[in-house]
Amino acid sequence: MVGQPSARNRLLDAAEELAFTQGVAATPVDRILQRANVAPATLYAHFGNKEGLIAEALRRRLQNWDAAWQREIDAAATDRDRLLAVFPALTSYRSGTSAARWCAALGVAAETVDPGQQLAETLSQDTQLLTDRFRELAVPVVGADDADALAAHLLLIFTGVLGMLLRGSSPEEAAATGRATAGFVIDGFGSSRSAG
């Protein structure tokens, strides 16, 4: 017999299900508590407040995303494929998560004008993971001198892919277009290196 998830996990699941699909501001704490079937004191004991709950739900989501991306990197056969692994990772990750309209971190950042320290740090971790991983994977493809610039381009492309989800593209379609665009950019960096 499978036991019921802990109150802490029920709160995280409810936050993800409600706040990341309907918006943090549009989701009152009472709805999260009702969905999780816990008392207010339980939320405050585990997370301090609503923002603490949202920050922890984002951290959990980031860990799951990081693992999905790493699996695609590990399965890739070439350095170039490892650099482009973020796009199939997005497709596989979205097939196994809750139905957030796009990126939960970007959604929270967009609607939170003045995040507290805990939430700001969590949002920064998301950006840092993307930037660091793109830079690390770019080095074998374009060299250390161009890795930072290529990472910035790839971050912009990936963010655009996430935005296309809001415009109604399927994850598969958006990821395929993003991968093709990223390929052109990578090739451009390769051309500039060989011409130099």
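Results, tabulated for the structure shown:
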{"quantity": "Members of region 83-99 that are modelled with pLDDT of 85 or more and open to solvent by less than 40 Å² (accessible area, probe 1.4 Å)", "calculated": "L83, L84, A85, V86, F87, A89, L90, T91, Y93"}
{"quantity": "Flag for D114 being without any contact (Cβ under 8 Å) to a residue 60 or more places away in the chain, not aliphatic (A, V, I, L, M) and not in a helix (DSSP H, G or I)", "calculated": "yes"}
{"quantity": "Count of region 122-139 residues which are over 15 Å from L154 (Cα atoms) and touching a residue at least 40 places away in the same chain (Cβ under 8 Å)", "calculated": "3"}
{"quantity": "Count of region 165-181 residues which are aliphatic (A, V, I, L, M) and buried (at least 18 other Cβ atoms within 10 Å of the Cβ)", "calculated": "3"}
{"quantity": "Single condition W102 does not satisfy, out of (1) open to solvent by 50 Å² or more (accessible area, probe 1.4 Å); (2) within 20 Å of the chain's Cα centre (by Cα); (3) at pLDDT 95 or above", "calculated": "(3)"}
{"quantity": "Lone qualifier among A149, A138, A144, A109 - being of a type in the set (G, A, S) and farther than 30 Å from G188 by Cα", "calculated": "A109"}
{"quantity": "Some residue of region 3-10 being open to solvent by 20 Å² or more (accessible area, probe 1.4 Å) and closer than 23 Å to S169 by Cα", "calculated": "no"}
{"quantity": "Among (1) within 22 Å of T181 (Cβ to Cβ); (2) open to solvent by 50 Å² or more (accessible area, probe 1.4 Å), the one test that Q117 misses", "calculated": "(1)"}
{"quantity": "Filtered residue count, region 63-82, keeping only those that are open to solvent by 30 Å² or more (accessible area, probe 1.4 Å) and either in a helix (DSSP H, G or I) or closer than 18 Å to A105 by Cα (or both)", "calculated": "13"}
{"quantity": "Residues being within 20 Å of A67 (Cα to Cα) and either of a type in the set (A, V, I, L, M) or surrounded by fewer than 20 Cβ atoms within 10 Å (Cβ to Cβ) (or both) - total across region 134-156", "calculated": "7"}
{"quantity": "Residue count for region 15-62, restricted to those that are closer than 21 Å to Q4 by Cβ, of a type in the set (G, A, S) and assigned to a helix (DSSP H, G or I)", "calculated": "5"}
{"quantity": "Checking Y44 against (1) over 30 Å from G188 (Cα atoms); (2) aromatic (F, W, Y); (3) open to solvent by less than 30 Å² (accessible area, probe 1.4 Å), the condition it does not meet", "calculated": "(3)"}
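Here's the yes/no breakdown for (1) touching a residue at least 60 places away in the same chain (Cβ under 8 Å); (2) β-branched (V, I, T):
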position: A41; (1), (2): no, no
position: E51; (1), (2): yes, no
position: D66; (1), (2): yes, no
position: Q70; (1), (2): no, no
position: T78; (1), (2): no, yes
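The values are calculated or read from the model by the stated rules, or taken from the named source; none is laboratory data. Since the structure is predicted, the reported quantities are computational estimates derived from the model, not experimental observations. Counting neighbours? That spans all protein chains shown, and the Cβs are built from the backbone with ideal geometry, glycine included. Ligands, DNA and RNA are excluded from the accessible area calculation, which covers all protein heavy atoms including side chains. Shrake-Rupley method; radii C 1.70, N 1.55, O 1.52, S 1.80 Å.
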